[in-house]
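Here's the structure we're looking at; comments come further down.
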């Protein structure tokens with residue numbers, strides 16, 4: 001009967017890992033929100049995205065969560081007018097990363113909620129475990 | 001004996017609660033997976049009505065049978081509470097509320113087993 005609790009721990013820890021990977025990518029995006037290219041010919045930083053997916057363990061009959069893919073957002077870059085910039089083109093426009101800090105912060109908040117919910121699962125599994133152990137006490 | 005019947009029922013209930021805890025943790029871990037549909041275990045009433053021992057298999061591959069010979073607890077896709085843009089139907093709030101229900105029920109269950117133990121030991125000791 002303890003086994004499902006152990007499984008619960010493992011599934012929740014896979015969730016913690018996935019959400020922390022998401023936070024890592026979001027922080028990468030935020031940190032590079034203003035990273036322009038070195039010259040007009042090359043592209044600036046492109047926003048990264050994370051996709052989660054199932055990792056089915058047939059022997060245990062459990063569906064863990066994992067990072068399926070870290071991709072890039074192919075939406076167009078923002079153009080700002082900054083003629084003094086070394087990366088400016090002939091019209092004085094500079095290509096800036098396609099990162100929207102507000103969107104990233106919303107994503108960060110969501111990852112935070114997911115992380116907390118997984119922590120709550122671990123807490124609860126621990127409580128159930130100790131309730132079971134308490135049965136041994138007279 | 002009434003005591004053994006109660007013990008059997010609490011044992012089955014605890015198994016069901018554990019299966020539910022496992023399913024809940026899967027749902028919560030998949031709260032951001034695209035296309036994931038939240039699942040839940042079958043109701044306990046249904047499990048009790050099935051008697052738990054009615055399914056027999058001649059090969060372990062025929063039917064899902066738990067290790068102790070009782071019927072394995074089935075799962076089903078939950079009615080979608082809310083569906084996100086990615087097709088995910090996990091609602092974290094709802095899952096956490098259900099998790100709390102599981103904990104309360106498990107506390108009740110273990111208290112019943114404890115009091116039954118007390119009852120039996122006082123009967124033995126006199």
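The values are calculated or read from the model by the stated rules, or taken from the named source; none is laboratory data. Quick caveat, the model's predicted, so the values are computed rather than measured. All Cβ positions, even for glycine, are placed from backbone atoms using ideal geometry, and neighbour counts span all protein chains on display.
Scanning region B:68-112 for residues that are without any contact (Cβ under 8 Å) to a residue 12 or more places away in the chain, in a loop (DSSP other than H, G, I, E, B) and under 21 Å from residue A:15 (Cα atoms) yields a count of 4. Would you confirm whether any residue within region A:26-45 is surrounded by 15 or more Cβ atoms within 10 Å (Cβ to Cβ) and either free of Cβ contacts under 8 Å to residues at least 24 places away in the same chain or within 14 Å of chain B (Cβ to nearest Cβ) (or both)? Yes: region A:26-45 contains one or more residues that are surrounded by 15 or more Cβ atoms within 10 Å (Cβ to Cβ) and either free of Cβ contacts under 8 Å to residues at least 24 places away in the same chain or within 14 Å of chain B (Cβ to nearest Cβ) (or both).
Within region B:46-55, is there a residue that is in contact with a strand residue (DSSP E or B) (Cβ under 8 Å, 6 or more places away or on another chain), closer than 23 Å to residue A:56 by Cβ and either surrounded by 14 or more Cβ atoms within 10 Å (Cβ to Cβ) or at pLDDT below 65 (or both)? No. Being closer than 15 Å to residue B:100 by Cα, at pLDDT 95 or above and either surrounded by fewer than 19 Cβ atoms within 10 Å (Cβ to Cβ) or more than 10 Å from chain B (Cβ to nearest Cβ) (or both) is not true of residue A:105.
Among the residues of region A:56-75, those identified as more than 10 Å from chain B (Cβ to nearest Cβ), farther than 22 Å from residue A:98 by Cβ and assigned to a strand (DSSP E or B) are A:56, A:57. In the set (1) at pLDDT 90 or above; (2) outside any helix (DSSP H, G or I); (3) on the phi < 0 side of the Ramachandran plot, residue B:35 fails one condition alone, (3).
Scanning region B:101-123 for residues that are facing chain A (nearest Cβ under 8 Å) and either within 23 Å of residue B:32 (Cβ to Cβ) or under 19 Å from the mean Cα position of the chain (by Cα) (or both) gives B:102, B:103, B:106, B:107, B:110, B:113. For residue A:91, the criteria (1) modelled with pLDDT of 90 or more; (2) in contact with a strand residue (DSSP E or B) (Cβ under 7 Å, 6 or more places away or on another chain); (3) away from chain B (no Cβ under 11 Å) hold in every case but one, which is (2).
Which residues, taken from region A:114-131, are more than 7 Å from chain B (Cβ to nearest Cβ) and more than 24 Å from the chain's Cα centre (by Cα)? Residues satisfying the conditions are A:126, A:129, A:130.
Filtered by the rule that a residue be within 12 Å of another protein chain (Cβ to nearest Cβ) and farther than 30 Å from residue A:69 by Cβ, region B:22-53 gives a lone residue, B:41. For region B:75-84, indicate whether the set of residues that are within 11 Å of chain A (Cβ to nearest Cβ), under 20 Å from residue B:47 (Cβ atoms) and surrounded by 12 or more Cβ atoms within 10 Å (Cβ to Cβ) is non-empty. Yes.
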